[in-house]
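Below is one structure, written out as structure tokens; the observations come after it.
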Amino acid sequence: MPPPSDTVQAWWYDAFAPVPYVTKPPGARQMVYLVAYDISEPRRLVRIAKICEDFGVRVQYSLFECRLEPDEFQALWGQLEAELDTETDRVVAYPMDQRCVRETVTAGRMVCSEKAVCYLV
């Protein structure tokens with residue numbers, strides 16, 4: 001992310017920080033997991049999305065990047081499995097180690113999809 005210019009306040013970059021591994025790669029025990037889902041029922045879809053929001057950053061409508069330790073991933077996965085209808089839904093998690101994260105290719109700018117409240121005074 002570019003440094004703030006004279007016309008852009010520094011607080012904006014503090015409030016909307018880049019994805020954590022962009023500036024700092026995952027640690028020795030951490031992995032970046034790409035978690036994607038296809039959920040057939042709207043209420044269950046909302047619950048699955050809220051679980052993912054607690055663990056990672058939404059990068060597409062049903063795709064999250066989660067930087068997690070093994071026990072954190074197990075907690076995420078357990079919560080997701082508890083909500084799924086295994087007959088009609090699908091959730092998949094792709095682990096990425098430090099090497100894969102460094103070799104990730106990205107084009108375009110990620111739009112902040114996090115819920116944020118800004119008060120302008």
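Please treat every number below as a calculation from the coordinates, not as lab data. Nothing here was measured: the structure is a model prediction, and the numbers come from that model. Ideal geometry is used to build each Cβ from the backbone, glycine not excepted, and the neighbour counts take in all protein chains shown.
Annotations for the structure displayed:
- Under 5 Å between amide hydrogens, built in the peptide plane, is the criterion, and for residue 59 it picks out 64, 65 among residues at least 5 positions away or on other chains.
- Modelled this way, with points 7 Å down the Cα-to-C-beta line, the labels at residue 98 and residue 81 are 2.9 nm from one another.
- For a modelled paramagnetic label at residue 63, 7 Å from Cα along Cα-to-Cβ, the residues of the stretch 87-101 in reach, with backbone nitrogen under 15 Å, are 92-96, 101.
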